[in-house]
Each structure stands twice: as structure tokens, then as C-alpha cells.
Amino acid sequence: MSAGVGILKGLSVTMRHLFRKPVTVQYPEEKLPIPARIRGTSFKWYAELCTGCSMCARACPHGVIKIETHSADGASRVIDKYEIDTGLCMFCGLCVEACPFGALFLGKRIENSTYCRDDLYLTKERLMADDVEASEYYQSAVPHHPREREVMSAARGGR
Ligand code: SF4
Ligand code: SF4
């Protein structure tokens, strides 16, 4: 192939793309819609559904979930501490898959940049106060949407 033909072929590719609708967006001014089942870099924890069973903590390969509980009334557990260090988390979702009570989901938030590492440490209080929307990742394995579970939980008196 002569050099001229090669240049023409290259230019034809450039010309074809010149008139195509761009597929890129000018982030952060423009943002793509967040997919429903995204594994975002945030967590939605439903304290009222969490039993403190620690299945999530045991499933985590990085050991970034810390839970402390004490017994109350002989049967139920009270959760004293529930913490996730998202600075060490790889957002694999294994903790979500391990939770038998649908109390933990990844969140749809993906922008958590910060200058302070402590900001990445999610305490029980911070998790409870966070109004991040739960991702639908792994929700097909449980029967109810978080909103429905919240309603059911309220109907059961917070359990
Ligand atoms: S998403 Fe993965 S790494 Fe992060 S806390 Fe859950 S199991 Fe651990
Ligand atoms: S989030 Fe789920 S798995 Fe983790 S302690 Fe609570 S109920 Fe157990």
C-alpha cells in the first residue's frame, strides 16, 4: 500500500467520526445517568433491618467492616458499632450478597473524593444519616425493594 492510500484511508476514518454524535461527556459539568444496579462507592445501611449477625463482616475479604454488639433482653442484639472503612473497600459487593436480611446495599453515589481520609470512614451514625439511594445490585435475590422493607420494618416496630 502506498503512503498516499494510507493517508486517505486514515482521513476517511477521521471524516466519518467528524459527523458522528459524540459518545463522550464533559465530566464533571455533564454526567451520565447512574445505572440502577451500579456498585457505587457508597453504602446504604438499614439499621432497623440489621441484626448485627456479622455475616457481612465475615464475607469481606479486606476486613473493613467492624461490628460490635451486646445482648439485650436475652434474645436480640443491640448494635453498638457498625463501621465501614471505604478507603480500604474495593466495592466488590460480597458483603451485600452475604447479608441475609437485606440490610446492606451499595449506594448509587460514586463521587466521594476528599482531601481527608477520615471522611471515608463510615460510622454507624454517618451511615444512618446518609440519604444515598440504594443500588439495585443483588436486590433480585431478596423479595422486597428497600422502600417496602422500610415500611414492613416500621410495621414490625423497627425490627
Ligand atoms: S464491598 Fe467488598 S471490600 Fe467493600 S466492605 Fe463489602 S465485601 Fe468488603
Ligand atoms: S448488615 Fe446484614 S449481614 Fe451485616 S450485620 Fe447487619 S444483618 Fe448481618
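The values are calculated or read from the model by the stated rules, or taken from the named source; none is laboratory data. A quick note: this is a predicted structure, and the numbers were derived from the prediction, not measured. So basically every Cβ, Gly included, is an ideal-geometry build from the backbone, and we count neighbours across all protein chains shown.
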Set ARG77, ARG39: member being within 10 Å of ligand 1 (Cβ to nearest atom), of a type outside the set (Ser, Thr, Tyr) and surrounded by 15 or more Cβ atoms within 10 Å (Cβ to Cβ) = ARG39
Based on what the data block shows, is ASP73 within 15 Å of ligand 2 (Cβ to nearest atom) and either at pLDDT below 95 or among the charged types (D, E, K, R) (or both)?
-> no
Is there a residue in the range 80-100 that is aliphatic (A, V, I, L, M), in a loop (DSSP other than H, G, I, E, B) and either away from ligand 1 (no atom under 16 Å from the Cβ) or touching a strand residue (DSSP E or B) at 6+ places or on another chain (Cβ under 6 Å) (or both)?
-> no
Do the conditions hold for GLU48, that is, is it assigned to a loop (DSSP other than H, G, I, E, B), among the charged types (D, E, K, R), more than 10 Å from ligand 2 (Cβ to nearest atom) and surrounded by 14 or more Cβ atoms within 10 Å (Cβ to Cβ)?
-> yes
Tally of residues being of a type in the set (Gly, Ala, Ser) and assigned to a strand (DSSP E or B) across the range 64-79 = 3
Of the numbered conditions (1) at pLDDT 95 or above; (2) in a loop (DSSP other than H, G, I, E, B), LEU106 fails exactly one; give the number of that condition.
-> (2)
With respect to ARG20, is the statement that it is touching a Ser or Thr at 6+ places or on another chain (Cβ under 6 Å), more than 25 Å from ASP119 (Cα to Cα) and among the charged types (D, E, K, R) true?
-> no
Tell me which residues, restricted to the range 92-129, are polar (S, T, N, Q) and within 16 Å of ligand 2 (Cβ to nearest atom).
-> THR123
Given ARG37, ARG16, ARG20, which one is away from ligand 2 (no atom under 16 Å from the Cβ), of a type in the set (Lys, Arg) and assigned to a helix (DSSP H, G or I)?
-> ARG16
Meets criteria (of a type in the set (A, V, I, L, M) and at pLDDT 95 or above) for ILE7 | no
Pairs, first among the hydrophobic types (A, V, I, L, M, F, W, C) in the range 78-103, second within 8 Å of ligand 1 (Cβ to nearest atom) and assigned to a helix (DSSP H, G or I), C-beta under 6 Å, six or more apart = LEU94/ALA59; CYS95/CYS56; CYS95/ALA59; ALA98/CYS56; ALA98/ALA59; CYS99/CYS56
Index of the failed condition, CYS56 passing every other in (1) over 19 Å from the mean Cα position of the chain (by Cα); (2) part of a helix (DSSP H, G or I); (3) crowded, with 17+ Cβ neighbours inside 10 Å | (1)
